[in-house]
Amino acid sequence: AQALRQIEQEERTNVIGTKLRAAQTLESQERWADALKEYRAVLALDSTVAAAHEGVARVSPRAALDEQLELYLTQPERLFSQPVRAAARESLARAKAVQNPGPTLQKQIETLGEWLARAEVPVSVPLQSDNLTQVTIYKVGSLGTFEQRSLELVPGRYTLVGTRPGYRDVRRQIDVFPGATIEPIVIRCEDRI
């Protein structure tokens with residue numbers, strides 16, 4: 001029985017050593033989530049392994065940061081929302097503060113910085129109306145009546161509402177993308193009530 005316990009202990013020690021080496025390799029490759037899984041697997045086998053506790057403490061913040069950055073980079077349209085842009089800027093600042101960033105993190109910082117800059121450049125949006133319809137753009141304000149007008153809007157989703165006494169209100173939703181050329185948006189109340 002004692003020999004079997006000793007063999008089991010040696011096997012567990014070998015598995016732990018293999019997992020620790022794998023976790024360190026994954027860390028050097030900037031595969032933070034995978035490294036974190038390996039360190040946690042070691043702790044599941046033996047919760048007293050100090051190297052695994054240190055690895056979890058070291059890798060957890062980087063895994064969370066990597067996940068946030070990848071979310072912005074794989075879904076860049078989210079950057080068109082002001083609150084998301086603010087959160088992305090915070091994540092970018094944390095990423096820039098990392099000591100000795102690897103090539104993957106440097107690429108993420110560079111790409112997200114470029115996308116944030118593009119997401120804040122206003123785009124010209126031409127509007128057409130009938131000089132009778134009161135036009136309002138949510139998040140921008142009331143534009144009053146006009147026949148033609150051009151606005152500079154930062155990329156994002158906007159809702160335009162046209163109102164005119166005795167006519168059905170008109171509502172249009174537009175998406176403004178960075179660097180896009182937008183066809184004139186027509187907003188007129190034409191249906192009598």
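The values are calculated or read from the model by the stated rules, or taken from the named source; none is laboratory data. Treat the numbers as computed from the prediction; the structure is a model and nothing was measured. Don't worry about glycine lacking a Cβ; one is built from the backbone with ideal geometry, like all the others, and counts go over all protein chains shown. Side chains are part of the model used for accessible areas, which takes the heavy atoms of the whole protein and leaves out ligands, DNA and RNA. Shrake-Rupley method; radii C 1.70, N 1.55, O 1.52, S 1.80 Å.
Working with all protein chains in place, sort I182, I7, I137 by solvent-accessible area computed with a 1.4 Å probe, largest first. List each step's numbers first, then the result.
Numbers: I182 35, I7 85, I137 5 Å².
The ordering from most to least exposed comes out as I7, I182, I137.
Using only Cα atoms, what Kirkwood radius does the chain have, in angstroms?
Averaging 1/r across every pair of different Cα atoms and inverting gives 21.0 Å.
Could you compute Rg(Cα) / (2.2 N^0.38 Å) for the stretch 20-103, with N its residue count?
1.26
How charged is the neighbourhood of N14? Take every other residue with its Cβ under 13 Å from the Cβ of N14, and add Lys/Arg as +1 and Asp/Glu as -1.
-1
For the stretch 90-193, what Kirkwood radius comes out of the mean inverse Cα-Cα distance, in Å? Please report the intermediate quantities before stating the final value.
On the way: mean 1/r = 0.0623 Å⁻¹.
The answer is 16.1 Å.
Are there DSSP H segments in the chain that both extend 27 Å or more along their axis (alpha-carbon positions) and score a mean Kyte-Doolittle hydropathy of at least -1.0? List them, or say none.
Passing helices, by number: 2-28, 50-74.
Starting from the amide H of V186, placed 1.01 Å from N in the peptide plane, find each other amide H under 5 Å away whose residue is 5 or more places distant or on another chain.
Q128
Tell me, what ³J(HN,Hα) does each residue in the stretch 121-136 have, in order and in whole Hz, if you take phi through Karplus 6.51 cos²θ - 1.76 cosθ + 1.60 with θ = phi - 60° and put x for Gly and Pro?
In residue order, the calculated couplings are 8, x, 10, 6, 10, x, 10, 10, 9, 10, 6, 10, 8, 7, 10, 10 Hz.
Over the chain, what is the mean sequence separation of C-alpha contacts under 8 Å (at least six apart), divided by residue count, expressed as relative contact order in percent?
Answer for the chain is 14 percent.
Need one value: the accessible area of T25 in square angstrom, 1.4 angstrom probe, rounded to the nearest 10.
Estimated to the nearest 10 Å², T25 gives 70 Å².
Mean residue ellipticity at 222 nm from the helices of the chain, using -39,500 (n - 2.57) per DSSP H segment of n ≥ 4 over the full residue count, to the nearest 500 deg cm²/dmol? Don't skip to the answer; put the middle values down first.
Numbers: 5 runs with 98 residues, N = 193.
Helix-only estimate at 222 nm: -17500 deg cm²/dmol.
How many percent of the accessible area of the stretch 29-69 is carbon or sulfur, using a 1.4 Å probe?
In the stretch 29-69, the share of accessible area belonging to carbon and sulfur is 55 percent.
Cα to Cα, under 24 Å, and not fewer than 8 places away if on the same chain: which lysines meet these conditions relative to K96?
K107
Can you list the residues, at least 5 places off or on another chain, whose amide H is less than 5 Å from the amide H of V123, using H built in the peptide plane?
L153, V154
Per residue, how large is the accessible surface of the chain? Use a 1.4 angstrom probe and give square angstrom.
61
Go through Y39, Y138 and list them by solvent-accessible area, largest first, probe radius 1.4 Å.
Y138, Y39
Compute the whole-percent fraction of alpha carbon pairs in the stretch 153-193 spaced more than 13 Å apart.
58
Using every Cα-Cα pair within the stretch 91-135, state what percent have a distance larger than 11 Å. Walk me through the intermediate numbers first.
Working: 731 of 990 pairs.
The share of Cα pairs beyond 11 Å in the stretch 91-135 comes to 74 percent.
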